[in-house]
Amino acid sequence: MGTGAALGRSLTALYGPELELPAFFEGPFMQAVQAAQRQLKLVVVFLHSEHARDARRFCTDVLCNDIVRTMLDDNFLLWGGDIARMEAHIVAQMVHAPQYPCFSVLLPASVDEVRVIGTLQGEVQADAAISLLAACTEEMETHRSEMVARREQHAEDRNLREQQDREYQEALEMDRKRAEEQERQEREAREARQAEEERLRREREAAERAEAERLALIEERRVQAERLEPEGPEATARIALRLPAGQRAQRRFRPGATLADVYAWAGCVGHLPENEGRGLEIPRRFVLKTSFPTRDLTEMDRTIKDLELSGTNLVLAEIEDEEEGE
């Protein structure tokens, strides 16, 4: 024999097809408890043992009694089990069944709390079963109110837990977003600091390179000034030079001196003894031009005589670097 509806079929097969049994719940005991909670019904548990002396009479005279059957079908949820089965044996221990058949009415207050509110066992008469079911039916409203209160409390507790879980998750999400925002700000600040440090480093390196180039150019022009050919009796070609700041300088050259010699003089003119203290500044890169008509002088191998530069006024113009000119 089994439990639930299977038990009903077994009883019919055992005691005859003429048995008109009430409807048994199809499923395990805990499912029956849950279904009763949903339907706000009491659970009636019938525990059967085919070895019990009153087993047949209980099935034929009590369960098949028209009044008992109608009361069970209309107002209760009936679950049955053979104590030879483990599930029914466990339920028997829960309801403290000392002998069989056992007929108990249970209040499923909650899944974790099932209370026995009435029990009949052993030699049970139909009238006793009817009285028990009637008494439980009369008290049903009280039991139902308790079940509703329990269910509502469980629902309220569940809703509270869900709300607390939502609030907790929302708090976690807010904390996560704050942490991400803080991390983003710190990352951007760190990247900005690194970019600023990199910019300052490049500026410093550029300034150091520029200073090194300036000092190297000064040294180069100082050495060039020391090597410059002095004016002698043969230096008869006078050339005047106007600098970008408006300052002027002049020197006499041999007519056979080349334009390269004039460029060499123009580059180191600020370092010559006769110009000491005048603060002459010569650009790093420059070109010499005739003043009128204006033309660039770039033929370095040609002589002053060939270029007819004697007695002329030349202009020193700065050549801007491409980066500076952009």
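Using C-alpha pairs under 8 Å with a sequence gap of at least 6, the mean separation divided by the residue count of the chain gives a relative contact order of 12 percent.
Overall, the range 85-181 carries a charge dipole of about 280 debye about its Cα centre when +1 sits on the Cβ of Lys and Arg and -1 on the Cβ of Asp and Glu, all other atoms neutral. Cβ-Cβ distance of GLN163 and ASP74, R₀ of 25 Å, FRET efficiency by 1/(1 + (r/R0)^6): the value works out to about 0.05.
The label-point distance for ILE90 and ALA192, in a model that sets each label 7 Å from Cα toward Cβ, rounds to 6.5 nm. Computed extension length for GLN250-GLU152: 24.2 nm, one decimal, from 0.36 nm per residue of separation with the Cα-Cα distance subtracted. For the chain, the longest principal axis of the C-alpha atoms and the axis of helix 126-138 are separated by about 40°.
For the range 237-325, the square roots a ≥ b ≥ c of the C-alpha gyration tensor eigenvalues yield an a/c of 1.5 or more together with a/b not exceeding b/c, which makes the shape oblate. Mean separation of Cα pairs under 8 Å and 6 or more residues apart, divided by the residue count, gives the range 85-240 a relative contact order of 12 percent. Counting Lys and Arg as +1 and Asp and Glu as -1 over every other residue whose Cβ lies under 14 Å from the Cβ of ALA128, the net charge comes to -3. From the Kirkwood radius over Cα pairs of the range 5-138, Stokes-Einstein at 20 °C and 1.002 mPa s returns a whole-number translational diffusion coefficient of 147 µm²/s. Two numbers describe the Cα atoms of the range 128-227: Rg and Dmax, which are 41.7, 140 Å. Counting neighbouring beta carbons within 10 Å and listing from fewest to most, the residues TRP265, TRP79 come out as TRP265, TRP79. Helix 259-268 and the longest principal axis of the C-alpha atoms of the chain enclose an angle of approximately 70°. Computed extension gain for GLU318 through SER291, at 0.36 nm per residue and net of the alpha carbon distance, reaches 8.2 nm. Against the compact-protein benchmark of 2.2 N^0.38 Å, the Cα-based radius of gyration of the chain scales to 2.93. Ordering THR298, ALA171, PHE29 by Cα displacement along the dipole of the chain toward the positive end leaves THR298 in first place; charges were set at the Cβ atoms of Lys, Arg (+1) and Asp, Glu (-1).
For the chain, take the longest principal axis of its alpha carbons; what is the angle in degrees between that and the long axis of helix 29-39, to the nearest 10 within 0 to 90? Relative to the chain, helix 29-39 is tipped by roughly 80 degrees. Computed from label points 7 Å out along Cα-Cβ, the spacing between ARG302 and GLU123 is 15.1 nm. Fully extending the segment from GLN185 to ARG209, taken as 0.36 nm per residue of separation minus the present Cα-Cα distance, adds 5.1 nm.
Put a plus charge on the Cβ of each Lys and Arg, a minus charge on the Cβ of each Asp and Glu, and nothing anywhere else: the dipole of the range 236-325 about its Cα centre is then about 660 debye. When TYR15, TYR100 are arranged by Cβ crowding within 10 Å, least crowded first, meaning fewest neighbours, the order is TYR15, TYR100. DSSP bridge analysis restricted to the chain gives an antiparallel fraction near 70%, rounded to the nearest 5. Once you order the gyration tensor axes a ≥ b ≥ c over the Cα atoms, which shape class does the range 183-298 get: rounded for a/c under 1.5, otherwise prolate or oblate by comparing a/b with b/c? Verdict is prolate for the range 183-298.
The Cβ shell under 14 Å around ARG193 holds other residues with a net charge of -2, Lys and Arg each +1, Asp and Glu each -1. Under the convention that each Lys and Arg Cβ holds +1 and each Asp and Glu Cβ holds -1, the size of the dipole of the chain around its Cα centre is about 960 debye.
Taken together, the values in this text are just the output of simple stated rules run on the coordinates, not laboratory data. Remember, it's a predicted structure, so these values are computed and weren't measured experimentally. All Cβ positions, even for glycine, are placed from backbone atoms using ideal geometry, and neighbour counts span all protein chains on display.
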